[in-house]
Amino acid sequence: MKEVPDSLLATDKPAAVAVHNENGPSSLLIVVDHAHNLTPQAFGRLGVTESEYLSHIALDIGVAEVSRVLAEAVDTTLA
């Protein structure tokens, strides 16, 4: 039987969640999903080709930067 890892996230990879402007005073919270194309190593590429991984299939191109600019503009937290 294959052993199940304690965590799907490798310690040498970026955190699953990034927080920007954590102490923004606004009562708004911006949450963005699909801002990068990283997947846990245990999942491999999920059958997605390298070119597809770099396209919109695996990430919303530009959403990370747009959401950072928006969070700064309204001085709120982005997760």
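The values are calculated or read from the model by the stated rules, or taken from the named source; none is laboratory data. Keep in mind the model is a prediction, meaning the values are calculated, not measured. All Cβ positions, glycine included, derive from the backbone under ideal geometry; neighbour counts span all protein chains shown. To get the accessible areas, we keep the full protein, side chains included, count just its heavy atoms, and leave off ligands, DNA and RNA. Shrake-Rupley method; radii C 1.70, N 1.55, O 1.52, S 1.80 Å.
Quick notes on this one:
- Single residue of region 30-48 satisfying the filter (β-branched (Val, Ile, Thr), assigned to a loop (DSSP other than H, G, I, E, B) and open to solvent by less than 60 Å² (accessible area, probe 1.4 Å)) that is farthest from ALA73 (Cα to Cα): VAL48
- Listed conditions (1) open to solvent by 70 Å² or more (accessible area, probe 1.4 Å); (2) in contact with a helix residue (DSSP H, G or I) (Cβ under 8 Å, 6 or more places away or on another chain) are all met by ALA73, apart from (2).
- Unmet requirement for ALA18, which otherwise passes all of (1) without any contact (Cβ under 8 Å) to a residue 60 or more places away in the chain; (2) within 14 Å of the chain's Cα centre (by Cα): (1)
- Within region 21-79, the set of residues being modelled with pLDDT of 95 or more and touching a Lys or Arg at 6+ places or on another chain (Cβ under 7 Å) comprises just one member, LEU78.
- Region 32-43, residues that are in contact with a helix residue (DSSP H, G or I) (Cβ under 9 Å, 6 or more places away or on another chain) and hydrophobic (A, V, I, L, M, F, W, C): VAL32, ALA35
- Taking the listed residues SER51, SER27, the one that is loosely packed, with under 11 Cβ neighbours inside 10 Å and not in a loop (DSSP other than H, G, I, E, B) is SER51, with no other qualifying.
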